[in-house]
1. Quick one: in the stretch 105-122, which of the residues that are assigned to a loop (DSSP other than H, G, I, E, B) and among the aliphatic types (A, V, I, L, M) is surrounded by the most Cβ atoms within 10 Å (Cβ to Cβ)?
2. Checking residue 162 against (1) more than 22 Å from residue 18 (Cβ to Cβ); (2) in contact with a Pro (Cβ under 7 Å, 6 or more places away or on another chain); (3) not hydrophobic (A, V, I, L, M, F, W, C), which single condition isn't satisfied?
3. Output the number of residues of the stretch 44-66 satisfying the condition of being assigned to a loop (DSSP other than H, G, I, E, B), buried (at least 17 other Cβ atoms within 10 Å of the Cβ) and not small (Gly, Ala, Ser).
4. Could you check residue 157 against (1) in contact with a Ser or Thr (Cβ under 7 Å, 6 or more places away or on another chain); (2) without any contact (Cβ under 8 Å) to a residue 60 or more places away in the chain; (3) at positive phi and say which number it fails?
5. From 92, 133, grab the single residue that is at pLDDT below 95, under 16 Å from the mean Cα position of the chain (by Cα) and over 23 Å from residue 170 (Cβ atoms).
6. Taking only the stretch 159-182 into account, find how many residues are of a type in the set (Val, Ile, Thr) and crowded, with 24+ Cβ neighbours inside 10 Å.
7. Test each condition in (1) open to solvent by less than 20 Å² (accessible area, probe 1.4 Å); (2) over 18 Å from residue 15 (Cβ atoms) for residue 95 and report the one that comes out false.
8. Please work out if residue 185 is surrounded by fewer than 17 Cβ atoms within 10 Å (Cβ to Cβ), within 21 Å of residue 91 (Cβ to Cβ) and in contact (Cβ under 8 Å) with a residue 12 or more places away in the chain.
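The values are calculated or read from the model by the stated rules, or taken from the named source; none is laboratory data. None of these values were measured; they are calculated from a predicted model. Cβ sites come from the backbone with ideal geometry, for glycine too, and all protein chains shown count toward neighbours. Surface accessibility is based on the protein's heavy atoms, side chains included, excluding ligands, DNA and RNA. Shrake-Rupley method; radii C 1.70, N 1.55, O 1.52, S 1.80 Å.
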Amino acid sequence: TLVQPRAALTGGIAFVSSTSFTGAIGPTATYAMTIADTACQVAAMGAGYTNTGGIHAWLTNLARDPASLITAPGFGPIQKPDGTLVAATISNLQLCDPSSGNQCLANPIDTDINGNLVTDNFVWTATLPNGTNPGRSLADCDGWTSAAGADTGQGGTPSETNAGFTTGTFDNCNNSHPVLCVQFE
């Protein structure tokens, strides 16, 4: 199958991965992050995007968090694959205040890389809107290495435009869910 390169978006892209994972995304915390990032980047390449190096999973554990990867806070706009605005800049996405319940996304990140509405209304994140998990306060399935039913992982709801897009719900680590994919640079 020949995949045609897509016209470059001005800014970045945000989507839900087509790949679902139990909480055991990888055998180590570092490798779990690499696997999740790779799933996001491979999906984008498969859809014809050519600049995929800056696409990462919106996922946190002790090895890494999205905030540590953001080198250009003014990067944007962040858009869904069909060009619908999600946030004017990556820093606008990070400014959501979970305690106030304010809308922080212009539109929900509720489609896959091909623009299809996702059916799983849960994504693994363990990440606050600012891209961190301070003090590991959000459960992360033991660094995204555990598929034990007794362990839990924090997640978000793709249909939300407030802080719920990244936090506010959890599931047992033996269940499978996708991750959010966001281009930071």
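1. Applying the filter and picking the extreme gives 109.
2. Residue 162 satisfies all of (1) more than 22 Å from residue 18 (Cβ to Cβ); (2) in contact with a Pro (Cβ under 7 Å, 6 or more places away or on another chain); (3) not hydrophobic (A, V, I, L, M, F, W, C) except (2).
3. Residues in the stretch 44-66 being assigned to a loop (DSSP other than H, G, I, E, B), buried (at least 17 other Cβ atoms within 10 Å of the Cβ) and not small (Gly, Ala, Ser): 6 in total.
4. Status for residue 157: all satisfied but (3).
5. Only one candidate qualifies: 92.
6. 3
7. Among (1) open to solvent by less than 20 Å² (accessible area, probe 1.4 Å); (2) over 18 Å from residue 15 (Cβ atoms), residue 95 violates only (1).
8. In short, yes.
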